[in-house]
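The values are calculated or read from the model by the stated rules, or taken from the named source; none is laboratory data. On a predicted model such as this, the values are computed, not experimentally measured, just so you know. As a convention, Cβ positions derive from the backbone with ideal geometry for all residues, glycine included, and neighbour counts pool all protein chains shown.
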Amino acid sequence: MKVWFGIVFMVLVLFEVLFFENIFSRISYLWNIKSVSVSLYYIFVSFIGFLSITLFFFIKEKIYFTFFTLFLLLTYSLDLVYKNINNIGFSLSDLTIALAEVDAFAMDALVTYAEAIKVSVIVIVLLTIIIFVVRSFVHKNTFYIATKWIFLTFILALLLSFSIVYKTTGTTQTRPTSIKMINTFVYYFVNKLYYGKREILEEKPTASAKYKNIILIVDESIGGKYLSINGYKQETTPYLESIKNRYLNLGLASSGGNCSRKSNLILMSGIQLNEFPDKENNSLKKPSIFQYAQNAGYKTHYISGQKKAGILQNYITKYDLEYMDEFFQPKDGYHNKSMPEEDIILRTKEALNNSDKNFIFMVKHGAHFQWEKSYPEDEKYFLPTLNASDSLSLDKKERAINSYLNAVRYNVDLFFKKFFEEIDFFNKEETLIIYTSDHGQSILENGRISTHCDSRNPPLSQGIVPLLLFTNKGDTLVSKFDFQKDVYTHYQLFPTIQKLMGYENILAKTLFDKRENNDKQIFVSGDIFGRGPMQRSDINRQ
């Protein structure tokens, strides 16, 4: 029995090393960077973890073994799928995204990452065979261990491993995967974010508003480097090129984060880079841009082209709705109509058809994967493309890029063409549009099939977004200002809008402030609330 016990133990360790994380590299890192005692404790906790999983192979009760097997296969499958997508595995950030977006993008994700799922299935089938071979031998020879000792060891393993997670605020996980997965879920639910009313804003603007209408358009998954107005070799933005004297192109900017929820929260709350990690959840408590707009006498509109049926997104809560005079989502969700994102274009047209001052925060559907579903068949300009049912894989990179370029041409270039035709923007006085995207896009870079939201070492393209300012013929502020190019960040947009609304007591930098030599274009990835690793990436880093 001892021989079989040792074999199972070593197989589990080897399986983790081959398919998930090199445990020995982690131990070497701790040995060199931390103390010997820390390294030894990590080794001990990992040993108990593997021991607890090994013991379940020798449990007598069939029902417990069946439950354990299903649990083991489920956790390994989930972590392996994410490992094949982002080269990292399942983390707290991935859990947060999954819980927030499963209702809207689950099927798109299943199709897009089908190749990674297939590879994971093959590995899991191999593991299943090993499990039942071992189990049949154990059952045949009645090599059983008392159930109480198995469960006590498992509970001890959970407590010991969670002590490391708790001590390191989620930055260090122990193995095996099944223990890590439980820790991730437990740590998430015991570290819930603030959910409640925002602070009351007493401040009023001390100067007059610079524009009657301010529209912030936040696109979805638009990489700044893929726009031909920013030098991309393919003509993805011919219409914008044809009207280039009607707007200011500020070039490549850095997004707040490489994931939609983070960037939208940064834009809505005005939290600054130096305030991260946001352990006190100030971004969820401090007054939002809608409160500043209302105090400045603006009618506030939140117009979204993404979710439907009143489903809130991007950390917006029911308490934020108190400061939105209008909250709009398309009734049927996104689908191709007579023009790109027709619902939000027409709703914006209606919103501007009044005598009030208007602040509009528009969230577009943009070029979210699946890209082939985000534009109609007759708008295929770049060929060959992916098929609608194709998943992302490294051997389809050219097709994937072409599909994405078509999505950009349709959802950015043609969108603005139809937008300006409907709204006749350039003849409207005292109106400003600030256009950007929530994050950029990486297309099969660095051997990864993930396109955004990587929590560790993300490709820089995930944080590179466009930044355009559209003004009308009567503008004397923005159109006359000597802006720079390729130097701005999302963190400057909230204070810029404050300034344009008449607020003068602004501490953070705006687009109108001179750039200093130490200013960088940085986006964040990972968990911004201090519950796990967070990384800062400079898009100008070579």
query: Is there any pair with a first residue in the range 476-502 that is in the same structural domain as residue 286 (by TED's automatic domain parsing) and among the polar types (S, T, N, Q) and a second that is at pLDDT 95 or above and in a helix (DSSP H, G or I) whose Cβ atoms are under 6 Å apart and which are 6 or more apart or on different chains, and what are they?
result: 498/292
- request: Please indicate, with yes or no, whether at least one residue in the range 160-172 is more than 26 Å from residue 283 (Cβ to Cβ), in the same structural domain as residue 94 (by TED's automatic domain parsing), without any contact (Cβ under 8 Å) to a residue 60 or more places away in the chain and within 30 Å of the chain's Cα centre (by Cα).
  value: yes
- request: Could you tell me whether any residue of the range 517-524 is polar (S, T, N, Q), farther than 25 Å from residue 366 by Cβ, over 23 Å from the mean Cα position of the chain (by Cα) and not assigned by TED's automatic domain parsing to the domain that holds residue 180?
  value: yes
Hits in the range 374-384 (condition: within 25 Å of residue 347 (Cβ to Cβ) and either outside the structural domain of residue 440 (by TED's automatic domain parsing) or crowded, with 17+ Cβ neighbours inside 10 Å (or both)): 374, 375
Leading residue by the ranking (modelled with the highest pLDDT) among those in the range 101-141 that are among the acidic types (Asp, Glu) and either in contact with a Ser or Thr (Cβ under 9 Å, 6 or more places away or on another chain) or surrounded by 15 or more Cβ atoms within 10 Å (Cβ to Cβ) (or both): 115
- request: Identify the single condition in (1) farther than 18 Å from residue 125 by Cα; (2) modelled with pLDDT under 90; (3) out of contact with any Leu (no Cβ under 8 Å at 6 or more places or on another chain) that residue 38 does not satisfy, given that it satisfies every other one.
  value: (3)
- request: With the condition kept exactly as written, say whether any residue in the range 449-459 is among the aliphatic types (A, V, I, L, M) and either assigned to a strand (DSSP E or B) or at pLDDT 95 or above (or both).
  value: no
- line: Note: among 288, 263, 283, 338, just one is assigned by TED's automatic domain parsing to the domain that holds residue 412, polar (S, T, N, Q) and without any contact (Cβ under 8 Å) to a residue 24 or more places away in the chain, namely 338
query: Of all residues in the range 299-317 being within 23 Å of residue 528 (Cα to Cα) and in contact with a helix residue (DSSP H, G or I) (Cβ under 6 Å, 6 or more places away or on another chain), which is surrounded by the fewest Cβ atoms within 10 Å (Cβ to Cβ)?
result: 315
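Identify all residues within the range 197-219 that are surrounded by fewer than 21 Cβ atoms within 10 Å (Cβ to Cβ) and in contact with a Ser or Thr (Cβ under 8 Å, 6 or more places away or on another chain); write none if there are none.
Correct list: 198, 212.
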- prompt: Looking at (1) farther than 25 Å from residue 241 by Cβ; (2) in contact with a helix residue (DSSP H, G or I) (Cβ under 7 Å, 6 or more places away or on another chain); (3) at pLDDT 95 or above, which is the only condition residue 525 fails?
  reply: (2)
query: Here are some conditions: (1) closer than 23 Å to residue 359 by Cβ; (2) buried (at least 17 other Cβ atoms within 10 Å of the Cβ); (3) among the β-branched types (Val, Ile, Thr). Residue 464 meets all but one. Which one does it not meet?
result: (1)
- request: Give the number of residues within the range 182-195 that are under 18 Å from residue 88 (Cα atoms) and either over 20 Å from the mean Cα position of the chain (by Cα) or not in a helix (DSSP H, G or I) (or both).
  value: 2
- line: Going through the range 480-521 in order, the residues found to be out of contact with any Pro (no Cβ under 8 Å at 6 or more places or on another chain) and of a type in the set (Phe, Trp, Tyr) are 481, 483, 488, 491, 494, 512
